[in-house]
């Protein structure tokens, strides 16, 4: 469990990178050998390990944005990349490979924060600083960049209560959380949501979903419907868009009509389209460009043997390491009414991408026309 600077009286930090760079550089190669416009940085090699390919964000946004920012800041630096595809053992092997290749710093989005502890210890023993990315990993990390998990959970909980209306206290919801034993962020999302929901609505069932797997969320939701009854589920707190997809598929398979409001997180294209047609109520948009930029900047600074200083104005505690320098960012609620002013305005998606022929009618009703 970790605490944020905001909870301890320290100033929250901000990253001053325009979110509009999301749309740029999405076709970059995995390893950059130069060609950027930044000044030379001594030929550093930055390792980048991301956790899975289920969530579209890792390959579509995080990876190319980090690679682009490294090359902008250091035209003779390079990035070595690997994706674990949800496999802990594969990520442990990838970490070993980064040590063997002698990277100067490692940006690590862990599959399982606890299981990666010994790997992080080995990286630090090799005198390679580790920046934990998006998910706080155990072990001796040198920096952390993510979104404020409790704030994200509060956004989700607040939106769900709004959707339930003035009779929320007489309504019942199901909570579909991530697994906090593998991803500490899951505990933060849940804690933030409960800070809003507890005492305001009945929680009929609550599940911690292994590996953020939609198929497990689907099975759990079917169990909740069988246990509580379709007519007694008035809303679903789904911690991210993948879980929301599994939940909604289960609701449809069990002929639950009308669909209750379902939350989400990550603003995946499929989730935005579900919001347009009314299957999903909301998602939390987390502008990936500032997060990726902060990680790249922190890794380059640490790779040069320098301290982070003002680059990381927040502090967090992991189960193994206290007072880790951090950058914590805020998420943004997205519903059908503000799709244009959030994910479209920031260049994450175009109207054309959202409003493919299948969704054209719904987009027209939502006012999403070019």
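Only one entry of 364, 305 meets the criterion of being loosely packed, with under 15 Cβ neighbours inside 10 Å and in a helix (DSSP H, G or I), and that entry is 364. Here is a check on your reading of the model: is residue 245 under 18 Å from the mean Cα position of the chain (by Cα) and within 30 Å of residue 47 (Cβ to Cβ)? Spelling it out, it is not the case that residue 245 is under 18 Å from the mean Cα position of the chain (by Cα) and within 30 Å of residue 47 (Cβ to Cβ). Exactly one residue out of 250, 195, 227 is within 21 Å of the chain's Cα centre (by Cα), assigned to a helix (DSSP H, G or I) and outside the structural domain of residue 53 (by TED's automatic domain parsing): that is 195.
Set side by side, the residues 217, 193 differ, and just one is in contact with a strand residue (DSSP E or B) (Cβ under 7 Å, 6 or more places away or on another chain), modelled with pLDDT of 95 or more and closer than 23 Å to residue 148 by Cβ, which is 193.
Which residues, counting only those in the range 104-120, are in contact with a helix residue (DSSP H, G or I) (Cβ under 8 Å, 6 or more places away or on another chain) and in a loop (DSSP other than H, G, I, E, B)? Result: 104, 109, 110, 111, 112, 113, 115, 116.
Could you tell me whether residue 159 is over 27 Å from residue 109 (Cα atoms) and within 23 Å of the chain's Cα centre (by Cα)? Taking the combined requirement at face value, the residue satisfies it.
Residue 270 falls short on exactly one of the conditions (1) crowded, with 23+ Cβ neighbours inside 10 Å; (2) in a helix (DSSP H, G or I); (3) in the same structural domain as residue 156 (by TED's automatic domain parsing), and that condition is (1).
One line per residue, one yes/no per condition, for (1) buried (at least 24 other Cβ atoms within 10 Å of the Cβ); (2) outside any loop (DSSP other than H, G, I, E, B):
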residue: 92; (1), (2): no, yes
residue: 97; (1), (2): no, yes
residue: 122; (1), (2): no, yes
residue: 131; (1), (2): yes, yes
residue: 139; (1), (2): no, no
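The values are calculated or read from the model by the stated rules, or taken from the named source; none is laboratory data. Just so it is clear, the structure is predicted and the values come from calculations on it, not from any experiment. Glycine gets a Cβ as well: all are built from the backbone with ideal geometry, and neighbour counts include every protein chain shown.
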